[in-house]
Amino acid sequence: MSADTTTSLPPPPVERLGLIGWIRARLLSGWSDSIVTVVGLAMLMYLLPDVAEWGIFDAIWDKQDKALCTGEGGACWAVIHARFRLILFGLFPYEELWRSALGVTTIVVVAILSCIPAFWTPRRIAATWGIGFAIFYILMRGGMFGLSEVTTEQWGGLSLTVFIFASVAIIGMPLSILLALGRRSELPVIRLLSSLAIDFTRSMPLLTILFTAALIVPFVLPSWLQGDKLYRIIGAFAFFFACYQAEIIRGGLQAIPNGQFDAAKSMGLGYWRRVWLILLPQAFRNALPPTINQFVITFKETSIVIIIGLFEILASANAAYGTADWANAYVEVYIFVALIYFVFVFSLSRYGAFLERRMRVGHD
Amino acid sequence: MNSLLQNEKFRGHALQAIALVLVLGVVISFVVTAQANLAARGITSGFSFLDRATGWDISFSVLEYTINDPYWWVILIGVLNTFILGISCIVIATVLGTVIGIARLSRNLVLETASTVYVETFRNVPLILQGFFWYAVVTHFPPPRRAHEIADSVFLTSRGLYVPTLNISGEAFAMLFAAIMLAALLLFLAYRQPFGTAIHRHREKTPWIALAFLVAVTALLLISREGGADSPVIDMPYLKGLNFRGGFRVSPEFAAIAAAIVIFGSAYIAEIVRGGFLSVPNGQIEAARSLGLKPWPIYWKVRIPLALRTIIPPLGNQYVFLMKSTTIGIAIGYNDLFMITSTSINQSGQTIELLFIMMMCFLFINYSISTVMNGINRAMALKGHETKT
């Protein structure tokens, strides 16, 4: 790369502007600029009252008033009031809902904890996710510690989305490390097999991979090995995730200077200790921003399993407005689900951007 | 034995042998079990089913299709539908994304805020959710008699979108499409040829030559239109009885899935474009300014060419992603390759063969996009700055 050869100079000092100066610079810096500003503000003034009237002032909030939800007047937020349990937890038994809610909270807490640098050692991060996931699974599945058993067919909504995402991340991460190492291995057969798997999977849409897992596996595996459809799909999804993540880790590995590897070798460290102590910590540091991006993409893509027939949050949202009572309230339901996704995805991607800035300190 | 295990070379060979045996074992056991299962279900494997008539109908096709047509024909239609959806989404999303990406860099607070809200909203919500949303919106449009109209020419109804079109036949449209492709090829060649060749020296003029060519072809097709000189140039949709006649009908499924992919894709492309412009070193612009260039020439001759070189590689990846994302069309019933494969599997039971065909098609589609994008990238690269692949 030759882009680094242009030296960057420090930026010119920031001009200090007063309020009027700021308005002139940002809103009215020329005639075309002023037209854009005026037209934009006019559109805002035109739309804002309508949106506020629809969303707030004319909206129907209480589920008792569902007769008012004709789709004509204001927004029918009553549908969320009436159906939020279905959207969040699917068909989970009503008396046991606290378990599902607590489980989702656990995973969210684990995700937040793993954003703190103090948790960024392999042992700690593995322990946090292992324990958190075990708590989630025990709470959801039950059948022990006096909790009644709830089979996976009754799981649904946000909790199923979270379950799929967490399982994919936990299975996919170690797999991706193996694939990345395999692709950079000195052993030709291993290198070829990993490259084939990665390149083939990456050129397929996720849906075809999941579809294959749902359809082909019953054909080619003896029946005792097939497992539940949910687990087959999670397995395939994890493999898909691993193939993308492997390329990110490979990028991180390639950015490590060769000297590091040679030094480790000359100190007499074996392959696995070289990988574990020298290469992977640096590779992950290099690959942190794209890794977070990959998590963001994966979380959004969990919604695709609705096509294979799993009852995740989007499917439960479709069911929430699927009855005659709420048939007109589809916009409200989709906005609610979109908001849930937005909160998770936006905060994670902001965090990723923050990390990227933090890591660049000292490099510029 | 112990010393043999300590030998790194031997361990390497052993590991590879184990991996190979493992993979072969899995493959062989797959084949054996699959054959047993197929025999048990009475399915003959092989590709002879491709010549059988399908016996079921599909909702969207630009080519002639009846239920008596064979499987290979319906798969071809699926590939074509995927291409139509994918290419039109890529083109529109690129234009929209470029505009929004540049707007995000504007000094104007209103433009910057509006484009930032757009990007952050649509990028952070799953594509399939947006697909469902637009499909619900489109199917909740009023029936044709009470259609929403935009400027008396575009009609939004629950049966689809009706838009005006040029009053020319299907063959003429095919010719027009071929002309557009030719013009694109001309442009591509002009930029691809090495410096010094005749076609490259005239590359400043090639966009205008291509444009003139397209205008000429369109004019010729319009003059020779079916109804003769008396029929109108533009075919407007109009209400007749319970439905619209004339114009061009966009099916609700296509409209919804295209809206979702275009909006989602343009939010991503906007970020790519913004990143590209931000990567242009300030010194280049200051140098151009100090040479006395005016703002527009600086934009066209310095900023855009330099930004393009950063933009093209991630843009290619985005195109491949958008092409793959057409598969979610099945969620709302758009007949793309994936949905047709899935229906064919249900109807014929030839699971493995059909999945194989679909995967080969996707490999081909993705490979062609990346080949084209790599070609453009090579053609655009500054002399001596090409990255080795």
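Select from segment A:180-211 all residues whose loss of accessible area on going from the chain by itself to the full protein assembly reaches 40 Å² or more (probe 1.4 Å).
Checking the loss per residue gives A:L187, A:V189, A:I190, A:L193, A:F200, A:S203, A:M204, A:P205, A:L207, A:T208, A:F211.
If you check each cysteine of chain A for another cysteine whose beta-carbon is under 4.7 Å away, which ones come up empty?
Cys with no partner Cβ under 4.7 Å: A:C115, A:C243.
Let me see the pair-distance distribution of the protein assembly as shown: every alpha carbon pair, 10 Å bin width, integer percents in order.
With a bin width of 10 Å, the distribution comes to 2, 10, 19, 24, 22, 14, 6, 1, 0, 0.
Taking the solvent-accessible surface of protein heavy atoms with a 1.4 Å probe, what is the per residue accessible area of segment A:209-307 in Å²?
I get 43 Å² per residue for segment A:209-307.
Can you compute the helix-only [θ] at 222 nm over chain B? Use -39500 (n - 2.57) per DSSP H run of at least 4 residues, normalise by all residues, nearest 500 deg cm²/dmol.
Calculated at 222 nm, the ellipticity per residue is -21500 deg cm²/dmol.
Just subtract the alpha-carbon distance of B:S158 and B:I223 from 0.36 nm times their residue separation and send over the number in nm, one decimal.
19.9 nm
Say R0 is 51 Å: what FRET efficiency, to the nearest 0.05, do B:N68 and B:L20 get from their beta-carbon distance?
The computed FRET efficiency comes out at 0.60.
Could you state the number of Å between the C-alpha centres of segment A:214-272 and segment B:53-81?
Centre-to-centre (Cα) distance: 39 Å.
Treating segment A:38-167 as a set of equal point scatterers at the Cα positions, no solvent, please give the Debye-formula log₁₀ I(q)/I(0) at q = 0.09 Å⁻¹.
-0.46
Once every Cα of chain B carries one equal point scatterer and solvent is ignored, give the base-10 log of I(q)/I(0) from the Debye formula at q = 0.08 Å⁻¹, two decimals.
Values returned for q = 0.08 Å⁻¹ are -0.62.
Among all helices in chain A defined by DSSP H, which have a length of 27 Å or more along the axis from Cα atoms plus a Kyte-Doolittle mean of at least -0.5?
Those that clear 27 Å and a mean of -0.5 are A:31-52, A:122-141, A:157-183, A:229-254, A:280-301, A:330-360.
Please list the equivalent ellipsoid semi-axes of segment B:56-121, computed as the square roots of five times the alpha-carbon gyration tensor eigenvalues, in descending order and whole angstrom.
Largest first, segment B:56-121 gives 42, 10, 7 Å.
Just in segment B:3-84: which chymotrypsin sites (Phe, Trp or Tyr not before Pro) are loop by DSSP and have at most 15 other Cβ atoms within 10 Å?
B:F47, B:W56
If the cut-off is 23 Å between C-alpha atoms, which lysines fall inside it for A:K229, apart from same-chain ones fewer than 8 positions away?
Correct list for A:K229: A:K300.
Given the options B:T33, B:T341, B:T82, which has the most mean-square fluctuation in a GNM of chain B, springs set between C-alpha atoms less than 10 angstrom apart?
Between B:T33, B:T341, B:T82, it is B:T33 that shows the largest mean-square fluctuation.
Label points 7 Å out from Cα along the Cβ direction at A:L178 and B:L214: separation in nm?
5.1 nm
Under 16 Å Cα to Cα from A:K265, which aspartates and glutamates show up? Leave out anything in the same chain fewer than 8 places away.
A:E186, B:E8
If you wrap a convex hull around the C-alpha atoms of chain A and split its volume per residue, what is the figure in Å³?
Expressed per residue, the convex hull around the Cα atoms of chain A is 235 Å³.
What nm distance separates the two modelled labels at A:I135 and B:M175, each placed 7 Å from Cα along Cα→Cβ?
In this crude label model, A:I135 to B:M175 measures out at 7.2 nm.
How about B:K294: which aspartates and glutamates have a C-alpha closer than 15 Å to its C-alpha, ignoring those fewer than 8 places off in the same chain?
B:E286
For A:F261 and A:A67, calculate 0.36 nm times their separation in residues minus their Cα-Cα distance, and state this gained length in nm to one decimal.
Separation in residues times 0.36 nm, less the Cα-Cα distance, equals 62.8 nm.
Which percent of the accessible area of segment A:167-255 is formed by carbon and sulfur heavy atoms (probe 1.4 angstrom)?
68 percent
Chain pair A, B: how much accessible area is buried, both chains summed, with a 1.4 Å probe, in Å² to 100?
4800 Å²
Would you please state the base-10 log of I(q)/I(0) at q = 0.18, 0.19, 0.20 1/Å for segment B:30-183, with intensities from the Debye formula using one equal scatterer on every alpha carbon?
-1.35, -1.37, -1.38
Can you pull the semi-axes for segment A:256-348, root of five times each eigenvalue of the Cα gyration tensor, sorted largest first, whole Å?
Over the Cα atoms of segment A:256-348, the ellipsoid semi-axes are 49, 13, 7 Å.
In a GNM of chain A with a 10 Å cut-off on Cα contacts, which of A:T323, A:T105, A:T161 has the highest mean-square fluctuation?
A:T323
Which value at 222 nm does chain A reach when only helices count, each DSSP H run of 4 or more adding -39,500 (n - 2.57), with the total divided by all residues and rounded to the nearest 500 deg cm²/dmol?
-21500 deg cm²/dmol
Say R0 is 22 Å: what FRET efficiency, to the nearest 0.05, do A:D58 and B:R107 get from their beta-carbon distance?
It comes to 0.05.
If each of B:W56 and B:F83 carries a label point 7 Å out from its Cα toward its Cβ, how far apart are those two points in nm?
2.4 nm
Hey, can you list the DSSP H helices of chain B whose Cα span along the axis is 27 Å or longer and whose average Kyte-Doolittle score is at least 0.0?
Once both thresholds are applied, what remains is B:8-41, B:71-104, B:170-192, B:252-278, B:304-325, B:351-380.
If R0 is 45 Å, what FRET efficiency do you get for A:L44 and A:V108 from their C-beta distance, rounded to 0.05?
According to the calculation, E is roughly 0.85.
The values are calculated or read from the model by the stated rules, or taken from the named source; none is laboratory data. Keep in mind the model is a prediction, meaning the values are calculated, not measured. Quick reminder, even Gly has a Cβ in these numbers, built from the backbone with ideal geometry, and neighbours come from all protein chains shown. Surface accessibility is based on the protein's heavy atoms, side chains included, excluding ligands, DNA and RNA. Shrake-Rupley method; radii C 1.70, N 1.55, O 1.52, S 1.80 Å.
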